[in-house]
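Please treat every number below as a calculation from the coordinates, not as lab data. Keep in mind the model is a prediction, meaning the values are calculated, not measured. In this analysis, Cβ positions are derived from the backbone assuming ideal geometry, glycine residues included, and neighbour counts consider all displayed protein chains.
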Amino acid sequence: MLTKMRLKNYKAWRDSGDIRLAPLTVLFGTNSAGKTSIPQLLLLLKQTAESPDRQRALQLGDSRTIVDAGTFDDVIHGHEVSRPLEFSLEWSLEDELRVRDPLQQKIYSGTEMSFGAKIAADSLHQPKIKSFAYKLRQGGGVELELSIAEQSDTKRQRKTPEFGLTSSYPLTRHAGRVWPLPEPIRFYGFPDEVQAYFQNAVFAADFVLELERMLKSVLYVGPLREYPKRLYLWSGEVPDHVGVRGDRAIEAILSARSREFNFKARQKTRSLPVLVAERLRSMGLIHEFKVEPLGEHRKEYEVLVRTSSKLPQVKLTDVGFGVSQVLPVIVECFYVPRRSIVIFEQPEIHLHPRVQADLADLFVDAIRARENGVPRDCQFIIESHSEHFLRRLQRRIAEEDLSKEDAALYFVHAQDAEAKIEELDVDNYGNIKNWPDGFFGDEMEDLVKRTEAQARRMEKEKEKGE
């Protein structure tokens with residue numbers, strides 16, 4: 001689970017400062033203020049780690065990737081390519097990582113890791129790595145650090161960059177292998193020569209593996225979900241999640257029919273199809289929800305719903321559009337693997353205010369969900385414009401259904417051509433102490449103006465009547 005991140009010189013951000021990330025992290029703010037670029041950086045790092053091009057420091061994307069950020073000039077704040085892009089991440093590990101120095105027989109262990117990188121532009125304005133560092137942490141302190149950085153040498157010209165490796169414990173080279181290291185792999189991978197040149201740096205691969213494992217757990221569902229279909233095909237494949245457009249939600253439901261969920265110990269468990277139907281019913285969207293095959297041993301399925309106990313079943317395509325838009329959100333919350341980091345962009349789109357508020361309860365339940373008796377420990381990073389969503393979260397904090405530690409709520413706005421982020425200070429009663437001006441418009445001003453207009457109009461109507 002991610003616990004902290006920081007961005008420097010990235011898009012609208014000169015410097016975001018440290019951003020605390022909780023199991024439920026929600027970003028509110030004005031349009032084009034920069035809130036989208038916070039989770040977008042995670043997606044850029046993920047698609048770079050999954051790219052077959054090992055030499056490209058940062059895969060900025062194209063029409064085939066989740067994110068297409070354009071050119072390196074486009075992602076640099078103010079297009080100032082003379083300044084490097086910098087970022088840092090901190091996350092918790094599921095299991096303790098133990099590293100042994102084979103020379104000194106000393107063991108280093110930690111349950112948290114951090115990673116930071118600096119990426120600059122080369123002569124062709126392509127991203128190139130300048131340095132990165134890993135830290136293994138325990139209880140807030142650093143147990144072990146390993147970093148690599150480009151070496152600067154003004155005495156001689158080099159055709160290719162050369163890098164040096166440093167650690168918080170003494171690194172010992174193999175006899176005669178005093179050469180510098182070549183460029184790293186992508187933005188985070190130590191070159192293969194590290195293990196060939198050093199006797200006690202084999203743990204570098206463990207650090208890289210932990211970062212890749214964390215990035216692999218990052219999933220994304222976009223703001224515009226796929227239109228419902230009259231027929232869905234499923235031949236038994238198990239998708240990793242519902243997809244960017246939610247187009248695999250029905251496949252996910254069908255492939256998870258044997259999985260059982262609840263929200264606290266000793267509570268009755270329900271299968272995913274039952275859980276989804278219950279949530280749609282509690283939101284007031286439908287009365288009954290079923291996914292049925294067209295016939296025995298067929299791979300064609302139809303989604304049948306009943307909007308009222310007194311009405312017949314109809315296909316999903318024949319009910320309100322909002323049901324098909326919220327369905328992938330519900331499924332994703334419980335279907336994804338344990339310890340997933342799920343990014344939702346405007347999950348409230350096409351939903352009326354009551355359902356927007358109920359979405360907050362969905363995420364509160366999702367962060368404490370259990371599967372087969374084991375906490376799922378999933379994390380959700382949400383970008384939202386919904387006041388109703390925020391109001392419900394405030395209420396749940398006041399009712400002690402959601403702790404302040406489990407929620408990180410932010411307001412993002414633009415100031416002097418830079419993005420600024422401010423964590424909302426929510427007290428134990430759900431009150432926001434630092435409510436930003438014009439956060440959701442000025443409700444009191446609208447009320448006053450409407451009252452004044454009403455008085456003027458009544459006066460005019462009175463004059464006409466006379």
Go ahead and estimate [θ] at 222 nm for the chain from helices alone: -39,500 (n - 2.57) per DSSP H run with n ≥ 4, summed, over the residue count, rounded to 500. -8000 deg cm²/dmol
Dipole of the chain, Cα-centred, from +1 at each Lys and Arg C-beta and -1 at each Asp and Glu C-beta, to the nearest 20 debye? 840 debye
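Could you compute the FRET efficiency for D206 and D122, with r as their C-beta to C-beta distance and R0 at 30 Å, rounded to 0.05?
Values: r = 30 Å, r/R0 = 1.00.
With R0 = 30 Å, the Cβ-Cβ based efficiency is 0.50.
Measure up K310/K404; K118/K420; K216/K433; K268/K404; K35/K130; K8/K449 against 31 Å on the Cα-Cα distance and list the ones that go over. List each step's numbers first, then the result.
On the way: K310/K404 43 Å; K118/K420 21 Å; K216/K433 37 Å; K268/K404 27 Å; K35/K130 26 Å; K8/K449 42 Å.
Result: K310/K404; K216/K433; K8/K449 exceed 31 Å.
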With the radius of gyration and the Kirkwood radius both derived from the Cα set of segment 219-402, what is their ratio Rg to Rh? 0.94
For segment 103-133 and segment 374-415, compute the distance between their C-alpha centroids and round to whole Å. 31 Å
Compactness check, segment 79-142: C-alpha Rg relative to the 2.2 N^0.38 Å globular estimate gives 1.52
Could you tell me the largest-minus-smallest coordinate of the C-alpha atoms of segment 1-101 on each of the three principal axes, in descending order and whole angstroms? 43, 35, 28
Could you name the lysines in cross-link range of K315, using Cα to Cα under 18 Å and dropping any fewer than eight places away on the same chain? K229, K290, K299
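Suppose R0 equals 22 Å. What FRET efficiency, 1/(1 + (r/R0)^6) with r the Cβ-Cβ distance, do R98 and I185 give to the nearest 0.05?
Working: r = 24 Å, r/R0 = 1.10.
Efficiency, rounded to the nearest 0.05: 0.35.
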1/(1 + (r/R0)^6) with r = Cβ-Cβ of E80 and E387, R0 = 41 Å, i.e. FRET efficiency to nearest 0.05, evaluates to 0.70
Give the Debye-formula value of log10 I(q)/I(0) at each listed q (0.14 Å⁻¹), with one equal scatterer per alpha carbon of the chain, two decimals each. -1.37
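Where does each of 7-15, 202-210 land if you order them by average Cβ count within 10 Å, highest first? Please list the in-between numbers first.
Working: 7-15: 20.1, 202-210: 17.4.
Packing proxy ranking, top to bottom: 7-15, 202-210.
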Counted neighbours (other Cβ, 10 Å), sorted fewest up, put S92, S32 in the order S32, S92
